[in-house]
Number of protein chains: 2
Amino acid sequence: MRDENPVGCRVCGAPLATAVRGRPPVYCSRGCQAKAYRRRAGARGRAAAPPAATEPTAPRTEGGSRRQQIAEAVWRIAAERGLEAASMREVAAAAGVSLRVVQYHFGSKHGLLVAALHLLHEENERRARARMARLADPADLRAVLGAVLGEFLPLDEQRRRALRVFVAYYVRSLNDPALAEVFLHDAQPVERLVAGLIRQACAAGGGPAPGLDPEREADLLVSGVTGLGMDVLHGRRTLADVRTTLDYHLDRILPAR
Amino acid sequence: MRDENPVGCRVCGAPLATAVRGRPPVYCSRGCQAKAYRRRAGARGRAAAPPAATEPTAPRTEGGSRRQQIAEAVWRIAAERGLEAASMREVAAAAGVSLRVVQYHFGSKHGLLVAALHLLHEENERRARARMARLADPADLRAVLGAVLGEFLPLDEQRRRALRVFVAYYVRSLNDPALAEVFLHDAQPVERLVAGLIRQACAAGGGPAPGLDPEREADLLVSGVTGLGMDVLHGRRTLADVRTTLDYHLDRILPAR
DNA sequence: GCATCATTGATACAGTCGTATCAAGCAACC
DNA sequence: GGTTGCTTGATACGACTGTATCAATGATGC
């Protein structure tokens, strides 16, 4: 409901332009606006005493950059209610910013989704590295292997949410080339890592099992653990069941000590 | 744009009720409408000669029931552009029916999605059975096993589309209990089937491999082949690569003949 | 001729969506 | 003081969504 009888400029009282779209004008010119601003700034300066220790980038440090903050809202919504619930307005509200801010920092919804996926990959890798660094015995190759594969299972709320967001994005990427490119470009070959670990463990253990192909074992392990994780999300399997299956296969592949 | 000056009843010319919503009235009463209908029916009867051989359920037989026809439209859209593109109007257009027909047969959009998923499961099982029946040598247990697992790979356009629809529904089911229930209820335990085949093949072959657990092998095989199929959809793997991996594991599990 | 049934046609409504537009806020430079 | 640039607030627009409403269609039975 636009004000039907507009008053004049707040500073000089001159009549205002009657823009029918966008924010209603309050000043007659840029100069009057600047004048009003300087008045406010002066009042603040006198009231707030000396400038004191002003934190210059306060909001930046208390939760990452603005983009990061908004991207996290996307993940949160996608994990809780699915990507189709992540509208611009919902994301803005969840991030505690206005719709305009989301528009400004990401340009379009598509830009937002792509950027959020990009940041998600980085975030997940950061967290994975942190968990790997916290391993009890980094020389225990079987434990390392288990930890790598465990990154794809909903073992805690963090990974559970990450997996939900991941599959939501995966499905969308099937019909969105830009998202698919982020997936294919960012995802490093975990299979290579797993195959290397298997090879190392075989060399360290008794000997290379006859006829065992680390690459093929890694391929099925990685894709299998992803599928098993999805089943857990779905409620089709229990985490304990998956653990048992995984232990069986690790026992099978790795040489007994 | 509603007609501003309504004319009278088509039959008796009496003034019409001025309903502001819904379809505009043309007759003043139900009786006048019936009268008009009988006139048309009489004209048709005289023009079309004897009643001839009227196909009573003609539209039913030329492509399944109405519900089936609409559900197929849902699958088509979901496979090509994702489930979020499957609006009521899009589905109706793709099925060649009116929006109202979709509303009538499924009640709500949610009802449509649930029913379409239900019918999809039936359809996929039908097709899988048909392909299994066409196997060259049904006694070749390894071939049977490969065919069962192959149902989850995008080996042709049909299965490719089925897989795309499947994952789209899977993701949505994570936030939709009704869909999740359809998934959990309809999906029969393929793992059991695979485990049974492995056991049979072991018994028929040389002997049961030492320390081999058919259940655990089946678990990783089924979830793994699903994940590999998703990678193929994504373009992260080639079908040939998946075939090689699968052959390796079948060789590993099944006793050499 | 009339009532009734399941089905379909023709709208209408209230809301949400992504996006666009214009102006204010704030700070720096001239 | 005036201008410029980046950021944000306050709307507005048009398209689309799911759903609801009322009537017509075609057929059957009384």
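The values are calculated or read from the model by the stated rules, or taken from the named source; none is laboratory data. Predicted model, so just to flag it, every value in this text is computed and none were measured. Quick reminder, even Gly has a Cβ in these numbers, built from the backbone with ideal geometry, and neighbours come from all protein chains shown. Protein only, heavy atoms only, side chains kept; ligands, DNA and RNA dropped before computing areas. Shrake-Rupley method; radii C 1.70, N 1.55, O 1.52, S 1.80 Å.
For the reader, a short list of remarks on this structure follows.
- Summary for A:Asp241: label point 7 Å along Cα→Cβ; distances to the equivalent points in the other copies, ascending, 3.0 nm.
- Put simply, when A:22-30, B:113-121 are sorted by average Cβ atoms within 10 angstrom per residue, most first, you get B:113-121, A:22-30.
- The slack in the chain from B:Ser65 to B:Ala41, taken as 0.36 nm per residue of separation less the alpha-carbon distance, amounts to 6.0 nm.
- Per-residue [θ]222 nm for chain B (sum of -39500 (n - 2.57) over DSSP H runs n ≥ 4, rounded to 500): -21000 deg cm²/dmol
- Each label point was placed 7 Å from the Cα along the Cα-to-Cβ direction; for A:Ala85 and A:Ser108 their separation is 2.6 nm.
- Using a 7 Å projection from Cα along Cα-to-Cβ, the label point at A:Gln33 is separated from the same position in the remaining copies by 6.0 nm, smallest value first.
- A dipole drawn for the protein assembly as shown from +1 and -1 charges on Cβ atoms has a positive end, and of A:Gly13, A:Val171, B:Val242 the residue lying farthest that way is A:Gly13.
- With R₀ set to 35 Å, the beta-carbon distance separating A:Val20 from A:Glu181 gives a calculated FRET efficiency near 0.30.
- Average accessible surface area per residue within chain B, 1.4 Å rolling probe, Å²: 56 Å²
- With its label point put 7 Å out from Cα toward Cβ, A:Lys109 sits 1.2 nm from the same residue's point in the other copies, in order from shortest.
- Computed FRET value (nearest 0.05) for A:Arg160 with A:Glu215, which takes r as the C-beta separation and R₀ as 22 Å: 0.15
- Efficiency of FRET between B:Ala240 and A:Ala204 - r from beta-carbon atoms, R0 35 angstrom, step 0.05: 0.60
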